[in-house]
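The numbers here are math on the coordinates, done by the rules we state, and not lab data. Every value quoted in this text rests on a predicted model; they were computed, and no experiment measured them. Counting neighbours? That spans all protein chains shown, and the Cβs are built from the backbone with ideal geometry, glycine included.
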Amino acid sequence: MSDPLSPPLPTPSLDLCSEQEVTRMVHDFYARVRLEPRLAPVFAARVEDWDAHLAQLVDFWSAMLRGTRRFSGAPMPKHMAMDELDRDLFDRWLALFRQTTAECGNAPMQRLADDVATRIADTFWRRFQMLRWPALPIVGPSRLD
């Protein structure tokens, strides 16, 4: 999440980063995910066509970072149907994502991508908790903040 003392987050724009930077970030990140001991099996059980999946993810991150409008999809229902999700999986996903963006060499892109990823992880985790355990209190944001 953004620090109130830090400069405002960059806004998605074609000037923030190139399509090549987005593609590299997505491909590097999911290469790491596919090697991570807890995350890899979750993805292996669901992704049959990695090329198509990566193309869709590039479209998503291009929309988030560059403001393009190519992405179409509804990721929330697919993730909410995954019974094995837990906070540790979200935190591992976020840690790998931040490791990847830190290596991208584009600090404004990194700041926006990390903010978007944190908000996604927190939103998905809160929604997952509400659906699975509606009577329990919601556990707060990522432990990585």
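Listed highest first by mean packing, meaning other Cβ atoms within 10 Å per residue, what order do 124-131, 110-117, 13-20 come in? Write down the numbers at each step before the final one.
Numbers: 124-131: 15.8, 110-117: 19.8, 13-20: 14.2.
Ranked by mean Cβ neighbours within 10 Å, highest first: 110-117, 124-131, 13-20.
In order along segment 95-111, phi translates into HN-Hα couplings of 5, 5, 4, 5, 4, 5, 5, 5, 9, 6, x, 10, 4, x, 4, 4, 4 Hz, rounded to whole numbers, per the Karplus curve 6.51 cos²θ - 1.76 cosθ + 1.60 with θ = phi - 60° and x for Gly and Pro.
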